[in-house]
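Heads up: the structure comes next, in structure tokens.
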Amino acid sequence: MRLIDQAADLSGFQNLREAYETALHWAAHQQAQAPQDNPEQQGNTTDSTDGAGPTVTLSKHGPAASPAADRSDAASPGSASTVFQQLIGACYHLLSQPQGAALPAWIDTLRAALADPALISLIARHSFEHMLVDFLANGWRPGKEKLLAAAAEVFNWEHDHRHLPQFGASGAIVQRAIDERDIFLRQPPADLEIDRKIIERLRSGTDPTPRQLNDDMAYLERMLGRFPHLMALSIDGDAVARWREIFAANGGVLKEIKTAGAHHTTAEPSFGFAPWGLVIMLLFTMLRACGTH
């Protein structure tokens, strides 16, 4: 998979991915059919594709993992887990840079992880991708929105909608977030700018003023209603709850603002007259010109 440039040869990449997924299913079938040498250990064996993955926190305090991250079996998820931990460490380094580094740096970091020799096995590579999907689906952490965008690019998740569902509930959550991200980025420029400013304020960690809340709450509720899965990965739910508490404490009615937010939109620019008015004026001018000859 590393030898094919998906941007230059998309059809070749798609064919290889289909072969890759077929091989994974066949390997899983063969493993299921193999006899257990030690029945006493059967209950302790961890399936590399169970979706649990290592418990990892991506934050500015560095990555932290549970002992589950060190598990391994015949399918070598331990190798995938090691590479995944290294990826999280690299993401922590990117977060320490000004503005959290640009998206191309996150893409390069993920591609470097996939180039690790430990992921040469199809099973290990699949396990690594499953860990990444589970991590992305498990709520917001600083930098997750960039890691999501990088993964969607590297794994071609935006265009191959058949791939993520194999990862169960986590895959469905990530797929919906990617679909919503596409719609989010296609908003009118004015709406997109407002939403991005609100996200920035939510991430700042400072409480907004009552006046700022009066201006922002309808837009925030609109954004949460339109893009629930994307926002779950992009902003801190505790910060949203804090904004709502402050809004209510200052006399705001949350139910009313949620209803207003569902239909809220930015004002369209006014030019003083409708386009058809200009057409009528031009026709009138032409008729007057004809009447003078």
Given the criterion open to solvent by less than 10 Å² (accessible area, probe 1.4 Å), within 23 Å of residue 171 (Cβ to Cβ) and among the acidic types (Asp, Glu), identify the matching residue among 129, 145, 158. 129
Taking only pairs six or more apart or across chains, which ones have beta-carbon atoms under 8 Å, a first residue in segment 207-220 that is of a type in the set (A, V, I, L, M), and a second residue that is assigned to a loop (DSSP other than H, G, I, E, B)? 213/250; 213/252; 217/252; 218/264
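Just wondering, is there one or more residues in segment 100-119 that are among the aromatic types (Phe, Trp, Tyr), open to solvent by 20 Å² or more (accessible area, probe 1.4 Å) and closer than 25 Å to residue 237 by Cβ?
There is no residue in segment 100-119 that is among the aromatic types (Phe, Trp, Tyr), open to solvent by 20 Å² or more (accessible area, probe 1.4 Å) and closer than 25 Å to residue 237 by Cβ.
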Take the residues in segment 214-226 that are of a type in the set (A, V, I, L, M, F, W, C) and surrounded by 21 or more Cβ atoms within 10 Å (Cβ to Cβ); name whichever of them is nearest to residue 202 (Cα to Cα). 220
Only unsatisfied item for residue 122, checking (1) open to solvent by less than 50 Å² (accessible area, probe 1.4 Å); (2) over 23 Å from residue 104 (Cα atoms); (3) not polar (S, T, N, Q), is (1)
Can you find even one residue in segment 129-143 that is in contact with a Ser or Thr (Cβ under 8 Å, 6 or more places away or on another chain), in contact (Cβ under 8 Å) with a residue 24 or more places away in the chain, within 23 Å of residue 235 (Cα to Cα) and aromatic (Phe, Trp, Tyr)? yes
Return the residues of segment 170-200 that are in a helix (DSSP H, G or I) and open to solvent by 80 Å² or more (accessible area, probe 1.4 Å); say none if nothing qualifies. 176, 183, 189, 193, 196, 197, 200
Would you mind telling me which numbered condition in (1) assigned to a helix (DSSP H, G or I); (2) modelled with pLDDT under 75; (3) under 26 Å from residue 183 (Cβ atoms) residue 238 fails? (2)
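The values are calculated or read from the model by the stated rules, or taken from the named source; none is laboratory data. For clarity, every value in this text was computed on a predicted model and none was experimentally measured. Methodologically, a virtual Cβ is constructed for each residue, glycine included, from the backbone with ideal geometry; neighbour enumeration extends over all protein chains shown. Protein only, heavy atoms only, side chains kept; ligands, DNA and RNA dropped before computing areas. Shrake-Rupley method; radii C 1.70, N 1.55, O 1.52, S 1.80 Å.
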